[in-house]
Amino acid sequence: MDCAVVTGAASGIGRACALRLAESGFTVALLDVGDAGETRRLVEERGGTAAGFAVDVTDEAAVAGVVGRLPGPPRVLVNAAGIIIRKKLLETSVQEWRRVVDVNLTGYFVLLRQVIPAMAAAGGGSIVQIASIAGHTGYGFSSYTAAKGGVLALTRQLAAELAEQGIRINSVSPGVVHSGLNRDTLGNEVIRSATVGNIPLGRIGEPDDIAKVVAFLAGPDAAFVTGADLVADGGMISTIHWGKAGGELHSFHSREG
Ligand SMILES: NC(=O)c1ccc[n+]([C@@H]2O[C@H](COP(=O)([O-])OP(=O)(O)OC[C@H]3O[C@@H](n4cnc5c(N)ncnc54)[C@H](O)[C@@H]3O)[C@@H](O)[C@H]2O)c1
């Protein structure tokens, strides 16, 4: 059975992607530095098949070992493993900067390097990279924003390079989504309500909101899409969201006729 490789599969967006791809009929390879046992249980509970691999995506030898033991030919790769360090530039040590760039950008590169030859040998496939609205805007923290900007650029760069091997590559830029990454931040009521106030659709995203977009880009309905980024953020970066002031503005102008 064809295999979908998902990194960061033990939690949040990676887990939701694994569940969606299992539903689409893939055997899912769950890669995570943490324990992906719960994701595997959830896949199997829904009648799917999965194999878990404990691996740090920055360790190329370990990733190569996993790719040699995949439960089927890889036709989909979802790069989702990520970390964030919430510090301003001058508070960020070189070590912290390197770790964030290592996991969020170099880790994606390591998976690409290891999976692409097997995917090409299997006849091609589709790669989806989880970027972020932080890669598009100044909303975020320097090391993370820089790494995500790198993911967007790398994805565009690879569209032409991989097309001749029958491989499409796209990215998804989530807005603010409930996951392990921001459980602490969103637990703060002031931050939560200010965040929701900046999202035109009026809610924080769920991991499955992103997984649906990933499944679309990974699947046949996106057969003519490569090198693209799809923003899934409830409208957050599409506009300056005026919130209450916007309502006042509209009623002021309707009064003025
Ligand atoms: N949650 C959001 O609001 C949001 C917004 C934009 C982008 N993203 C991106 O979505 C992706 C998934 O994150 P999430 O929000 O689901 O967070 P999460 O913390 O719930 O999941 C991230 C997973 O990556 C794993 N991981 C971390 N470092 C790893 C490493 N070195 N090797 C292997 N696995 C590793 C973690 O163990 C965890 O299971 C990340 O790339 C993140 O940057 C998240």
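The values are calculated or read from the model by the stated rules, or taken from the named source; none is laboratory data. Note that the coordinates shown come from a computational prediction; the quantities given were computed from them, not determined experimentally. No Cβ is skipped: glycine too gets one built from the backbone with ideal geometry, and neighbour counts run over all protein chains shown. Keep in mind that these areas ignore ligands, DNA and RNA; they rest on the heavy atoms of the full protein, side chains included. Shrake-Rupley method; radii C 1.70, N 1.55, O 1.52, S 1.80 Å.
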Within the stretch 212-219, is even one residue part of a helix (DSSP H, G or I) and within 11 Å of the ligand (Cβ to nearest atom)?
yes
Of residues in the stretch 80-95 being open to solvent by 40 Å² or more (accessible area, probe 1.4 Å) and more than 14 Å from the ligand (Cβ to nearest atom), the one nearest to ASP56 (Cα to Cα):
GLN95
Within the stretch 55-70, restricting to residues that are free of Cβ contacts under 8 Å to residues at least 12 places away in the same chain and surrounded by fewer than 14 Cβ atoms within 10 Å (Cβ to Cβ), the one that is nearest to VAL110 (Cα to Cα) is ALA61
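Mind telling me which of the residues LEU77, LEU158, LEU152 ends up being touching a strand residue (DSSP E or B) at 6+ places or on another chain (Cβ under 9 Å), closer than 23 Å to ASP2 by Cβ, surrounded by fewer than 24 Cβ atoms within 10 Å (Cβ to Cβ) and in contact (Cβ under 8 Å) with a residue 24 or more places away in the chain? Reasoning before the result, please.
Numbers: LEU77 fails: surrounded by fewer than 24 Cβ atoms within 10 Å (Cβ to Cβ); LEU152 fails: closer than 23 Å to ASP2 by Cβ.
So the residue among LEU77, LEU158, LEU152 that is touching a strand residue (DSSP E or B) at 6+ places or on another chain (Cβ under 9 Å), closer than 23 Å to ASP2 by Cβ, surrounded by fewer than 24 Cβ atoms within 10 Å (Cβ to Cβ) and in contact (Cβ under 8 Å) with a residue 24 or more places away in the chain is LEU158.
Yes or no: LEU42 of a type outside the set (Gly, Ala, Ser), in contact with a strand residue (DSSP E or B) (Cβ under 7 Å, 6 or more places away or on another chain) and either open to solvent by 30 Å² or more (accessible area, probe 1.4 Å) or touching a residue at least 12 places away in the same chain (Cβ under 8 Å) (or both)? Show your work before the answer.
Numbers: of a type outside the set (Gly, Ala, Ser): yes; in contact with a strand residue (DSSP E or B) (Cβ under 7 Å, 6 or more places away or on another chain): no; either open to solvent by 30 Å² or more (accessible area, probe 1.4 Å) or touching a residue at least 12 places away in the same chain (Cβ under 8 Å) (or both): yes.
No; evaluated as a whole, the condition is false for this residue.
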Taking only the stretch 163-174 into account, find how many residues are outside any strand (DSSP E or B) and touching a residue at least 60 places away in the same chain (Cβ under 8 Å).
1
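When you scan the stretch 209-220, how many residues do you find that are closer than 15 Å to VAL28 by Cβ and of a type outside the set (A, V, I, L, M)? Before the answer, list the steps.
Just the residues of the stretch 209-220 that are closer than 15 Å to VAL28 by Cβ, to begin with: 211, 214-215, 218-219.
Retained after the next criterion (residues that are of a type outside the set (A, V, I, L, M)): 219.
Number satisfying all stated conditions: 1.
Which one of GLY34, GLY52 is open to solvent by less than 40 Å² (accessible area, probe 1.4 Å) and either modelled with pLDDT of 95 or more or touching a helix residue (DSSP H, G or I) at 6+ places or on another chain (Cβ under 9 Å) (or both)? Reasoning before the result, please.
Numbers: GLY52 fails: open to solvent by less than 40 Å² (accessible area, probe 1.4 Å).
Being open to solvent by less than 40 Å² (accessible area, probe 1.4 Å) and either modelled with pLDDT of 95 or more or touching a helix residue (DSSP H, G or I) at 6+ places or on another chain (Cβ under 9 Å) (or both) holds for just one of GLY34, GLY52, which is GLY34.
Any residue that is on the phi > 0 side of the Ramachandran plot, near the ligand (Cβ under 10 Å from one of its atoms) and not in a helix (DSSP H, G or I) - is there at least one of those in the stretch 23-30?
Quick first cut of the stretch 23-30, residues on the phi > 0 side of the Ramachandran plot only: 25.
Applying the additional criterion that residues be near the ligand (Cβ under 10 Å from one of its atoms) yields none.
No: the stretch 23-30 contains no residue that is on the phi > 0 side of the Ramachandran plot, near the ligand (Cβ under 10 Å from one of its atoms) and not in a helix (DSSP H, G or I).
Given the residues GLY180, GLY138, GLY123, GLY107, which is the only one that is open to solvent by less than 20 Å² (accessible area, probe 1.4 Å) and either closer than 21 Å to LEU30 by Cβ or away from the ligand (no atom under 14 Å from the Cβ) (or both)?
Matching residue, one of GLY180, GLY138, GLY123, GLY107: GLY107.
Every residue in the stretch 183-194 that is within 14 Å of the ligand (Cβ to nearest atom), open to solvent by 60 Å² or more (accessible area, probe 1.4 Å) and part of a helix (DSSP H, G or I), please.
Here is the first cut: in the stretch 183-194, the ones within 14 Å of the ligand (Cβ to nearest atom) are 183-187, 191-192.
Checking the rest, the ones that are also open to solvent by 60 Å² or more (accessible area, probe 1.4 Å) come to 183-184, 187, 191-192.
Once the filter is applied, which keeps residues that are within 14 Å of the ligand (Cβ to nearest atom), open to solvent by 60 Å² or more (accessible area, probe 1.4 Å) and part of a helix (DSSP H, G or I), the stretch 183-194 yields ARG183, ASP184, ILE191, ARG192.
Determine whether ALA118 is within 16 Å of the ligand (Cβ to nearest atom), open to solvent by less than 50 Å² (accessible area, probe 1.4 Å) and at pLDDT 95 or above. I'd like the intermediate steps shown before the answer.
Values: within 16 Å of the ligand (Cβ to nearest atom): no; open to solvent by less than 50 Å² (accessible area, probe 1.4 Å): yes; at pLDDT 95 or above: yes.
Spelling it out, it is not the case that ALA118 is within 16 Å of the ligand (Cβ to nearest atom), open to solvent by less than 50 Å² (accessible area, probe 1.4 Å) and at pLDDT 95 or above.
In the set VAL225, VAL231, which member is touching a helix residue (DSSP H, G or I) at 6+ places or on another chain (Cβ under 8 Å), part of a strand (DSSP E or B) and open to solvent by 30 Å² or more (accessible area, probe 1.4 Å)? Can you show your working first?
On the way: VAL225 fails: part of a strand (DSSP E or B).
On inspection, the qualifying residue turns out to be VAL231.
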